[in-house]
Every structure is written in C-alpha cells, then in structure tokens.
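In what follows, a single structure is set out as structure tokens and then discussed.
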Amino acid sequence: MELQERLEDLKNSTQAKLAKMRGDNAKELQELRVQVLGKKGSLTELLQGLKELSAEARPIVGKQVNEVRDVLTKAFEEQAKIIEAAKIQAQLESESLDVTLPGRQIKLGSRHILSQISEEIEDIFLGMGYQIVDGLEVEEDYYNFERMNLPKDHPARDMQDTFYISQDILLRTHTSPVQARTLDSHDFSEGPLKMISPGRVFRRDTDDATHSHQFHQIEGLVVGEQISMGDLKGTLELISQKMFGQDRRIRLRPSYFPFTEPSVEVDVSCFKCGGEGCNVCKKTGWIEILGAGMVHPSVLEMSGVDAEKYSGFAFGLGQERIAMLRYGINDIRDFYQGDIRFIQQFK
Ligand code: DAH
C-alpha cells in the first residue's frame, strides 16, 4: 500500500534526521518539527490521502498515522531535551565556579558619628523628661533674630551672617529660634516646658579646619516657675559627666548673648589631664563646650509668657565640637566628606 510505505518512509527519514542533528541546534529542530508535524506539514498531507482509501483500509492506515505521529512527537521531545541539556552543560563549562572560595560578606554600615552624638544626648534628656522638638532649617528672619532679641541693625547680627532666600527668609544661623516657636505653642497650665532641639545650622563662613558653612547644634530650653541658674548648672554638670566622664566639673564664665541674661560660657574640666593642663585643654585645665544663660525676659514676653511668673534657662551646644574634643578630630571637614575610612572608626 503506497500510503503506508510513504508513512513508514516519513517516520524513518525523520528519525534519521533527528539522529544526525547536532546537540545545540534548537532552531533546526523547530524547523523540522513544523515541516513534519505542523498544520501544513508532511504528516497532515499524508492524512489527506486517507480519503482515497477504501472503507476497510481507512481505519488501519488511520491508526498507523496516529502511531507515527506519537512516535515522532516523542522523538522531537527527546531531541529537545538533549538540546536543553547540552545548553546547560555548555553554560557550566564556560562559567568557572570555585566552590571553595569564601562567601561574600555583607558589610554592615553604621550611624554617622554626629547622629550618634545627637542620639546619645537625646537619650540623656529623654531620661529627664524633656521632649525632642524639630525646628526649621529654612527659617524666618523674624524667628532667627528678632524673637531672639536681635532686632534689625543689632550689632550681634554681624557674627551670624547667613544665606538669604529672600529678605525675610534665611537658613537659620542657630537652633535658638526653636525656643521661640516652642514657647509660642506651649501650654503652661500643663506644666513646665522642657525641650531639646538638635539640628543643622548655617553661617556665611569660609570652610577650613575649624569652620564650616553648615554644622550641627543642640538647643536646650527649660521654662517654668522658679527655674534658677542652679538648675542650669546642675543640668549642664550632669550632661558633661555623661559625655566626658563621671569626674568632670564645670565652671561658668560671664558672657554675652542677646537672648539670655545673665549669659555664660560653660567650661568642662579637661577629660584628658583632669585639670593639670595638656594639649587638649591648651594647658588651662578647662575646655569650653557651650553657651548658656537665663532666658531673657523679652524672649519670654514676645511669646506672651509672663516673665514675672515664669523663668527659664537655655543652652546651645555644637555637636561637631563635642565629637572633635572627644575623639581628637582635627578637621571639621572630615564629618561631611563621606570618607568611609573616617566614618568606620566610629562603629
Ligand atoms: N545660639 C547660640 C549660637 O549659635 C548658642 C547659644 C548660646 C544658645 C546661649 C543658647 C544660649 O540657647 O542660651 O552661638
């Protein structure tokens, strides 16, 4: 029977082609599959021939067509598997994998030393019932200066020139304006105000080893009934001891800030020599760490707080200064350069 012979032929020749096929030719395989098993392929063509057969022969040959299709379908699948395996093998051979190499370690980052200092100080004050307040880096001239008792044309403004957004809006020169903003909103019937406010400040300055046009401060403010200079001293002594060691003493020297009266400069006894005199304290035994004072009555009055009834103290410290002293850092620019060798020392 001619049709049966052609079927047998197709099966044999296709199997022979598959057997000769290289292990890496997926495209060739796909083409052959379409040619043989596709809708318009050889097998379909042979199937058309069934119509011409007698009624007895048709089911016999029909069964044979199905068998050939099954056999070839399987053969194509087998070949596809061989090609896939060859592909993986080739990939493995081209990639050299050394399983004895040590694993790659994930490098753990760390908090920046300035963040660490600020968190350390925040923790100490949180423990004493202070709240932590966020201020504004872009501030109004009004809050930065006038509400801090520095009216326009006040000579002390000269020391704090800054970047102006407009005539009335500037980058704050200190964290002190947060004092006015918190005083404005504090409800004294609920108790005294105790807050610290860490943040970034700006000055018009030429950057060198000890100056930067931006740096970080922490403002402190306590206002309530009968808050005295003794409270200020006790608080600063405690923070000095926590930061620089249990044996530290502090001393207050008269100073001037427009927003405090009286104003003081605060020195801590040298943590390196203990007061004998060394290179850290420049042979004086004392290191200046911050400015402070009793809140000026005008600052309270401008917030509508009765200065006869309420009094308070304030202080402002520089975070960079604390870190530089504590770790013997000589150049303030080291904080901002993002040099991993510097940053990693404070893990
Ligand atoms: N704002 C001052 C400055 O940047 C620092 C300061 C001094 C803040 C005395 C205070 C203070 O709250 O009482 O130089």
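Using a cut-off of 12 Å between beta-carbons, work out the net charge of the residues near R181 (Lys and Arg +1, Asp and Glu -1, R181 not included). Provide the component values of the computation, followed by the final result.
On the way: positive: R147, R172; negative: D134, E139, E140, D184, E219.
In short, -3.
Rank G230, S269, Y256 by how far each Cα sits towards the positive end of the charge dipole of the range 197-279 (+1 on Lys, Arg Cβ; -1 on Asp, Glu Cβ) and give me just the farthest.
S269
Provide the per-residue ³J(HN,Hα) series for the range 258-275, in order, calculated from phi with Karplus coefficients 6.51, -1.76, 1.60 and θ = phi - 60°, each as a whole number of Hz, with x at glycine and proline positions.
Result, rounded to whole Hz: x, 9, 9, 7, x, 10, 9, 9, 10, 10, 10, 5, 4, 7, 8, 9, x, x.
Report the charge-dipole magnitude of the chain in Debye, nearest 20, computed about the Cα centre from +1 at each Lys and Arg Cβ and -1 at each Asp and Glu Cβ.
Details: 43 positive and 55 negative charges, 296 e Å.
Approximately 1420 debye in magnitude.
By accessible area of protein heavy atoms, probe 1.4 Å, what ranking do V280, V36 get, highest first?
On the way: V280 50, V36 5 Å².
Ranking V280, V36 by accessible area, largest first, yields V280, V36.
Run the 1.4 Å probe and let me know the accessible area of R200, rounded to the nearest 10 Å².
Result for R200: roughly 90 Å² accessible.
Whole-Hz Karplus ³J(HN,Hα) for the range 172-179, in order, using 6.51 cos²θ - 1.76 cosθ + 1.60 and θ = phi - 60°, x for Gly and Pro?
4, 8, 7, 7, 4, x, 5, 4
Sort out the exposed loop GluC sites (Glu not before Pro) in the chain (DSSP loop, at most 16 other Cβ within 10 Å) and tell me the longest stretch that has none.
138-275
May I ask you to rank M294, M148 by accessible area, largest first, using a 1.4 Å probe over the protein chains only? Provide the component values of the computation, followed by the final result.
Details: M294 25, M148 0 Å².
Order by accessible area, largest first: M294, M148.
Percent relative contact order of the chain, based on C-alpha pairs within less than 8 angstrom and at least six residues apart? Please list the in-between numbers first.
Details: 505 pairs, mean separation 48.5, N = 347.
Relative contact order for the chain comes out at 14 percent.
Under 13 Å from the Cβ of T235, count the other residues' Cβ atoms, weight Lys and Arg +1, Asp and Glu -1, and hand me the total. Please report the intermediate quantities before stating the final value.
Numbers: positive: K194, K233, K242; negative: D231, E237.
That sum, taken over residues with Cβ under 13 Å, equals +1.
Might you work out the accessible area of I165 for me, using a 1.4 Å probe with all protein chains in place, and round it to the nearest 10 Å²?
The value for I165 is about 110 Å².
By how many degrees, between 0 and 90 and to the nearest 10, does the Cα long axis of helix 229-244 differ from the longest principal axis of the chain?
40
Restricting the calculation to Cα positions, tell me the Rg (one decimal) and the Dmax (whole number) of the range 1-154 in Å.
Here Rg and the maximum Cα pair distance are 40.0, 119 Å.
Could you pull out every residue, at least 5 positions away or on a different chain, whose amide H is within less than 5 Å of the one on S255? Hs are placed 1.01 Å off N in the peptide plane, and Pro or chain starts have none.
S263, V264, E265
As a test question: what accessible area, to the nearest 10 Å², does D207 have when a 1.4 Å probe is rolled over all protein chains in place?
60
So how many Å³ per residue does the convex hull of the Cα atoms of the chain work out to?
Values: hull volume 106.6 nm³, N = 347.
Spelled out: Cα convex hull of the chain, divided by residues, is 307 Å³.
In the range 36-116, what is the count of Lys pairs whose alpha carbons are under 29 Å apart, counting only pairs at least 8 residues apart or on separate chains?
Counting lysine pairs in the range 36-116 gives 14.
I need the phi-derived Karplus couplings for the range 89-106: 6.51 cos²θ - 1.76 cosθ + 1.60, θ = phi - 60°, integer Hz, Gly and Pro marked x.
So the Karplus estimates, Gly and Pro as x, are 4, 4, 4, 4, 6, 7, 9, 8, 10, 9, 6, 8, 5, x, x, 7, 7, 7 Hz.
Rounded to the nearest 10 degrees, what's the angle between the helix 26-37 long axis and the longest principal axis of the chain, both from Cα atoms, 0 to 90?
The angle comes out at about 40 degrees.
Can you work out the accessible area per residue across the chain, with the rest of the protein chains kept in place, probe 1.4 Å, in square angstrom?
58
What is the distance, in nm, between label points placed 7 Å from the Cα along the Cα-to-Cβ direction at Y142 and at D161?
For the pair Y142/D161, the computed spacing is 2.6 nm.
With a 1.4 Å probe and all protein chains left in place, how much of the accessible area of the chain comes from carbon and sulfur atoms, in whole percent?
On the way: 10060 of 20170 Å².
Carbon with sulfur: 50 percent of the solvent-accessible area.
With just the Cα atoms defining each centre, how far is the range 32-107 from the range 155-214? Give it in Å.
Computed from Cα coordinates, the inter-centre distance equals 77 Å.
Using modelled amide H (1.01 Å from N, peptide plane; none on Pro or chain starts), what sits under 5 Å from the amide H of Q131, excluding residues fewer than 5 places away?
Under 5 Å from the amide H of Q131: K194, M195, I196.
When only DSSP loop residues count, what trypsin sites (Lys or Arg not before Pro) in the range 1-93 have their Cβ near at most 11 other Cβ atoms within 10 Å? Don't skip to the answer; put the middle values down first.
Values: sites: R6, K11, K17, K20, R22, K27, R33, K39, K40, K51, K63, R69, K74, K81, K87; in loops: R22, K39, K40.
In loop regions of the range 1-93 (DSSP not H, G, I, E or B), the sparsely surrounded trypsin sites (Lys or Arg not before Pro) are R22, K39, K40.
Go through T100, F145, H174 and say which Cα lies farthest out towards the positive end of the charge dipole of the chain; charges sit on Cβ, +1 for Lys and Arg, -1 for Asp and Glu.
In the chain, that residue is T100.
Summing Lys, Arg as +1 and Asp, Glu as -1, what charge do residues with Cβ under 13 Å from the Cβ of G224 carry, G224 excluded?
-3
Residues in the range 2-40 near a label at L92, defined as backbone nitrogen under 18 Å from the 7 Å Cα→Cβ point?
The answer is 23-24.
The values are calculated or read from the model by the stated rules, or taken from the named source; none is laboratory data. Model, not experiment: these values are computed from the prediction. Using ideal geometry, Cβ is built from the backbone for each residue, glycine included, and neighbour counts are taken over all protein chains shown. Just so you know, the surface numbers come from the protein's heavy atoms only, side chains and all, with ligands and any DNA or RNA stripped out. Shrake-Rupley method; radii C 1.70, N 1.55, O 1.52, S 1.80 Å.
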